[in-house]
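What follows draws every value from the coordinates through simple rules; no lab data is involved. None of the values given here were measured: they were computed from a predicted structure. Quick reminder, even Gly has a Cβ in these numbers, built from the backbone with ideal geometry, and neighbours come from all protein chains shown.
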Amino acid sequence: MSYAIIGFGNIGQALAKAFARNGIEVCVATTRDPQSFAASAAAIGPQIIPTKLEDAVKADIVFLAVRFESHADVAKVLPSWTGKTVIDVTNAYGVPPEELGGQPSSEVVAQAFIGARLVKGFNHLGAAVLAQDPSVKGGKRVVFLASDDDDAAEEVGALAEKLGFAPIKLGGLAQGGLLVQARGKSWGQLIFKDLVKFD
């Protein structure tokens, strides 16, 4: 199984730290030349591989950690995303609901990534919290997942556990997904809720 993070801002780097902490290799890419962020990647760990966007999208599981407005540009890199799982880490805060056609933002993203299995996840925490070790006082920091594809949700849940998090599935994009989505000037009820799960 291969992994990539598209976007290397605060959220992308926070995700990269989770991979590095667990010794799991992940490609990171932006629209820029990989050399321009190679030093930042190296500072996180040797498992973080700066890559051209065209190569990063070859991964089996792709984290979409770009601005919501940029998701369509990433989607166009491949004519078909069939066989891939895309984890939508974007937030559509500030995007007017009418631009989304009344849909949850993740459904808009899913329509752009033709053929992909889409999971909304890892987006409800701020970057500073997401970057921290998810082991907290004997518990694990929660990440919420929503998807219309149960198998994809299982797959991403297993990855979340490998990264040290406690995944909680919220159901489909139109139901549970709304709890972790921003639209217009409002945030879903679970956004920024920093929860820890104890076994």
Alpha carbon centre of segment 124-173 versus segment 1-26: separation in Å? 14
When N counts the residues of segment 3-197, how does its alpha-carbon radius of gyration compare numerically with 2.2 N^0.38 Å, as a ratio? 0.95
Go through segment 15-30 residue by residue and turn each phi into a ³J(HN,Hα) via Karplus (6.51, -1.76, 1.60, θ = phi - 60°); whole Hz please, and just put x for glycine and proline. 5, 4, 4, 5, 5, 4, 4, 9, x, 9, 6, 9, 7, 10, 8, 9
With the dipole of the chain worked out from charges on the C-beta (+1 for Lys and Arg, -1 for Asp and Glu) around the Cα centre, which of A18, Q111, V156 lies farthest toward the positive end? A18
Estimated [θ] at 222 nm from DSSP helical runs (n ≥ 4, -39500 (n - 2.57)) normalised by residues in the chain, nearest 500: -7000 deg cm²/dmol
At 0.36 nm per residue, and after removing the present C-alpha to C-alpha distance, how many nm does the segment from K76 to L195 gain when stretched out fully? 39.3 nm
Considering only lysines 8 or more places apart in sequence, or on different chains, count the pairs in the chain whose C-alpha atoms sit under 12 Å apart. 5
Modelled label-to-label distance, I24 and K52, 7 Å Cα→beta-carbon offset: nm? 2.7
Return the sequence-ordered ³J(HN,Hα) values of segment 141-155 in whole Hz as given by the Karplus equation 6.51 cos²θ - 1.76 cosθ + 1.60 applied to θ = phi - 60°, using x for Gly and Pro. 5, 7, 10, 8, 10, 9, 7, 8, 10, 4, 5, 5, 4, 4, 4
Packing-based order for 172-185, 74-87, using average beta carbon neighbours within 10 Å, highest first: 172-185, 74-87
In nanometres, the difference between 0.36 nm per residue of separation and the alpha-carbon distance of Y93 and K185 is 32.5 nm
Given segment 58-171, report the % of alpha carbon pairs whose separation exceeds 25 Å. 22
Expected sort for 39-47, 143-151, 160-168 on mean C-beta neighbours within 10 Å, highest first, is 143-151, 160-168, 39-47
